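Written out below as structure tokens is the structure these notes cover.
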Amino acid sequence: MTIFRFFSPFFILFFTQRGYVQAFTGTYGINYGRIANNIPSPDEVVTLLRAAKIRNVRIYDADHSVLQAFSGTGLEIVVGLPNGQLQNMSSNADHALSWVKENVQSFLPDTRIRGIAVGNEVLGGEDFSMWGVLLGAVKNIYSATKKLHLDKLVQISTANSFAVFASSYPPSSCKFNDSVNQYMKPLLEFLQQIGSPFCLNAYPFLAYASDPEHIDINYALFEPTEGIYDPTYRLHYDNMLDAQIDAAYAALENAGFHKMEVIVTETGWASNGDQSEAGANVTNARTYNYNLRKRLAKRKGTPHRPKNIVKAYIFALFNENDKPGHSSEKNYGLFKADGSISYNIGFHGLSAGHSSLLSLKNIYTQGLSWSYTMVFSLSSLIVLI
């Protein structure tokens, strides 16, 4: 009994009441994209994240230099299986097992890998060849974690864009597109079976930029506004992100998945953009991200799901100068390439003297690393028993 009481706080981090793994601690996380040739090193990023007290991190691959830098830090990371590898993982379970061994198991428990994101915005995307292989890849990656006794430590998910929905206004009317239904339903059935959430990339910025004449900028920025009223739900929405999340819940309910949680895996606002991208400026980016941070700190749900606390990963950590597409794609970062802040929302950037903080990394993490190692070992033992 004494041992159980000692370890129970750690198990709360790993499991929900139904015994499923939970990959998100708290409500605030960030996406660490690296499509740039001038951003800080992974070790410097660790310093930046710890100074900002951002614990939840997502990357879009499983880069070993990043995973090594995160070792022993207490930061919790979701790694990504890129879309380009889905076909291989779907068709070959052995390759999926090797991938998990090399990119996940070999870094545990010192690096707190809490999830694997299998693909990004696959359904509804332009590459139709990926639609049919997503589920197979998800299943094989999950099976690999199960064989390695990691399924109670590492959550499997895949992120979706708003392209999977037919309509999202008002929120209660939202349904999945007919074109993706045949792929979405079996995917959701499997995700429900393994206790994974529906991951949503939600951007009020993109909605506003596409129709600035008819969308109130204050509604998109969490600023005071009349908002909208959903007559079916009989609910008022004072910001667009809540409405977007509840639209996802409505689509899930319409498809028969009433208990699946929605987690926002990307949201943010560009601080610069092309002339055609309305609202892409520093003022709006700061307002959105500052207000979003305050909203998440309240630890509350949405009007339709008040008990489901909203959790979100911000996009993104850095401006990324090598990203293709519109200028906005290069300018979502809370931080500039040199580690300084893009605008002030309460974080501090890297300074000339930040190297002294790096030297504290190992001292700070000795206790955390030991505790996590013990939890990892005990969890694996329980699975084996």
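The values are calculated or read from the model by the stated rules, or taken from the named source; none is laboratory data. Please read all numbers here as calculations on a predicted model, not as lab measurements. A quick note on method: Cβ atoms are made from the backbone with ideal geometry, for glycine too, and the neighbour counts reach across all protein chains shown. The accessibility values were calculated without ligands, DNA or RNA, using every heavy atom of the protein model including side chains. Shrake-Rupley method; radii C 1.70, N 1.55, O 1.52, S 1.80 Å.
Descriptive notes on the structure:
- Computed in the context of the full set of protein chains, the accessible area of the chain at 1.4 Å probe radius has 52% of its extent on carbon or sulfur.
- Longest site-free stretch - the chain; sites: GluC sites (Glu not before Pro), DSSP loop, at most 11 other Cβ within 10 Å: 227-385
- Length gained when the stretch Asn281-Asp94 is fully extended (0.36 nm per residue, less Cα-Cα span): 62.6 nm
- Using a probe of 1.4 angstrom and keeping all protein chains present, the accessible surface of the chain works out to 44 square angstrom per residue.
- Local electrostatic count, Ala144, Cβ distance below 15 Å [Lys/Arg +1, Asp/Glu -1]: +2
- When +1 charges are put on Lys and Arg Cβ atoms and -1 charges on Asp and Glu Cβ atoms, the dipole computed for region 43-197 relative to its Cα centre reaches about 560 debye.
- Under 11 Å, Cβ to Cβ, from Pro306 - net charge with Lys/Arg +1 and Asp/Glu -1: +1
- Of the residues Lys152, Lys147, the one with the largest accessible area comes first in the ranking Lys147, Lys152, computed with a 1.4 Å probe on protein heavy atoms.
- Of Ser129, Ser271, Ser342, the one that fluctuates the most in a GNM where the chain has Cα springs shorter than 10 Å: Ser129
- Anchor Lys146: lysines whose Cα lies under 20 Å away (excluding residues fewer than 8 positions away in-chain): Lys101
- Region 17-57 and region 101-122: distance between their alpha carbon centers, rounded to Å: 13
- Our estimate of slack between Phe128 and Asn181, defined as 0.36 nm per intervening residue step minus the Cα-Cα distance, is 17.7 nm.
- Structural descriptor for the chain: relative contact order 20 percent, calculated from alpha carbon pairs under 8 angstrom and at least 6 residues apart.
- For the residue pairs Lys175/Lys259; Lys152/Lys259; Lys294/Lys336; Lys147/Lys175; Lys147/Lys185, the C-alpha atoms sit more than 24 angstrom apart in Lys147/Lys175; Lys147/Lys185.
- At least 18 Å along the helix axis (C-alpha) and Kyte average at least 1.0, DSSP helices within the chain: 2-14
- Modelled FRET efficiency - R0 35 Å, Ile217 with His64, Cβ distances, 0.05 increments: 0.25
- Which of Gly325, His214, Tyr142, positive extreme of dipole for the chain (C-beta unit charges): Tyr142
- Exposure of Leu135 as accessible area (Å², to 10), given a probe of 1.4 Å and all protein chains: 40
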